[in-house]
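The values are calculated or read from the model by the stated rules, or taken from the named source; none is laboratory data. Predicted, not measured: the structure shown is a model, and the values here were computed from it. Here the Cβ is made from the backbone with ideal geometry for all residues, glycine too, and neighbour counts use every protein chain on show.
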Amino acid sequence: MSVMNIERARENVQKVGFLDVDIDPALDLFEEINRLKKEKNAVILAHYYQEPDIQDVADFIGDSLGLAQQAEKTKADIIVFAGVHFMAETAKILNPGKKVLLPDLKAGCSLSDSAPPDLFKKFKDEHPDHIVISYINCSAGIKALTDIICTSTNAKPIVDSLPQDQKIIFAPDRNLGAYINKMSGRKMVLWNGSCMVHEMFSRERITKLKVRYPEAKVIAHPECEETILEMADFIGSTTQLLKFTQKDEAKEFIVATEMGILYQMEKRSPEKVFIPAPPENSCACNNCPHMKLNTLEKLYLCLEYELPEITMEEELRVAALRPIRRMLEMSAQLGL
Ligand code: 13P
Ligand code: SF4
């Protein structure tokens, strides 16, 4: 691209969040993406909630913890993060010297948005004797106000490793926080945030499904509300749910999380049946509108033009790095 075109591309990204450029429909995007990855020494990290084509072209597919661990150890020069903004931001915090790209800058997260740093700072100041544990689904601004980051894979073991009388603020997900409180007998103070996808599931519609599939096991992500978690035979992060479906003897599963994960479940256990847990509305699918902003076309363009790129002020990055490092160290100690 000429200098002039790069400037135009940057303006384009500022306006719409991604490169809005026409692609030759005859182009084999899988081949092109694989070629660009090799040429540029780039790695594609994708969350399980991404569309199947993106999962197929990724170098690593995982949950939030797995992706952060991969971002920490990658030797690539460019990280293309097929996920949402806070995930790519975490990769940048861990890799200030690398280029971190996100196919669509507008791929946000309702949970992360539910905790604006200025309001959270006031909340924290009201609890001066508490430490802060934040779920990784939060902005760099919240991470900078946090003592330990966690994900749904390691949240409970991290909390369990702290003294029972340690006062804790847990942010931003009230459902995950309430679940840990219940399981560990703690009274963590919870920030009132939630995920728009995991709050949608309908207890009534899941009950009807259970009548239709009496042998099916209900599996749920801990971001779901308590009324849904109460119905679950197994609760876990996306990686834990996937592993459960592979090793459990059940043949049918009602899955209460974002439906992108069903692709890997079906791929790894083709003989089993996976039914998305129905939401409150008339729709039968549970897509995260933020995750699904990324497409194979945007991924290709982002790798080709190296835009949109994640950038961050160094002071904020350094402050946000401390609690992420703490999580990665604690996870390694806990064997996670
Ligand atoms: P995990 O990746 O920890 O399972 O969390 C799911 C999620 O909602 C990510 O946005
Ligand atoms: Fe955020 Fe929920 Fe989407 Fe995950 S599924 S990115 S928590 S809105």
- Task: Test L19 against the criterion of being touching a Cys at 6+ places or on another chain (Cβ under 8 Å) and more than 27 Å from C150 (Cα to Cα), and give yes or no.
- Result: yes
- Query: So is K217 surrounded by fewer than 20 Cβ atoms within 10 Å (Cβ to Cβ) and over 19 Å from the mean Cα position of the chain (by Cα) or not?
  - Reply: yes
- Scanning for something within 15 Å of ligand 1 (Cβ to nearest atom), more than 17 Å from E258 (Cα to Cα), buried (at least 22 other Cβ atoms within 10 Å of the Cβ) and in contact (Cβ under 8 Å) with a residue 60 or more places away in the chain, does region 108-116 turn up at least one residue? yes
- Note on the structure: Pairing a residue in region 78-93 that is on the phi < 0 side of the Ramachandran plot and basic (K, R) with any residue that is away from ligand 1 (no atom under 11 Å from the Cβ) and not in a strand (DSSP E or B), where Cβ atoms lie under 6 Å and the two sit 6 or more apart in sequence or on different chains, gives K92/I310; K92/M312
- Select from region 185-199 the residues that are within 19 Å of D129 (Cβ to Cβ) and not aliphatic (A, V, I, L, M) and write down the one among them that is farthest from ligand 2 (Cβ to nearest atom). K187
- Task: Return yes or no: is N287 within 16 Å of ligand 2 (Cβ to nearest atom) and buried (at least 22 other Cβ atoms within 10 Å of the Cβ)?
- Result: no
- Message: Against the definition (of a type in the set (A, V, I, L, M, F, W, C) and either at pLDDT below 95 or within 16 Å of ligand 2 (Cβ to nearest atom) (or both)), how does L209 come out, yes or no?
- Response: no
- Message: Filter region 245-280 down to the residues that are farther than 30 Å from E32 by Cβ and within 16 Å of ligand 2 (Cβ to nearest atom) and list them by number.
- Response: V255, A256, T257, P276, A277, P279, E280
- Message: It is to be established whether one or more residues within region 48-55 are touching a residue at least 24 places away in the same chain (Cβ under 8 Å), within 21 Å of A319 (Cβ to Cβ) and of a type in the set (V, I, T).
- Response: no
- Message: Which numbered condition in (1) under 30 Å from V21 (Cβ atoms); (2) in contact with a helix residue (DSSP H, G or I) (Cβ under 8 Å, 6 or more places away or on another chain); (3) modelled with pLDDT under 95 is the only one that C285 fails?
- Response: (2)
- Note on the structure: F170 passes all but one of the listed conditions (1) assigned to a helix (DSSP H, G or I); (2) under 21 Å from P157 (Cα atoms); the exception is number (1)
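To keep it simple, each residue is scored yes or no on (1) assigned to a loop (DSSP other than H, G, I, E, B); (2) without any contact (Cβ under 8 Å) to a residue 40 or more places away in the chain; (3) under 13 Å from P222 (Cα atoms); (4) of a type outside the set (D, E, K, R).
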site: G141; (1), (2), (3), (4): no, no, no, yes
site: I149; (1), (2), (3), (4): no, no, no, yes
site: S152; (1), (2), (3), (4): yes, no, yes, yes
site: N181; (1), (2), (3), (4): no, yes, yes, yes
site: V197; (1), (2), (3), (4): yes, no, yes, yes
site: K210; (1), (2), (3), (4): no, no, no, no
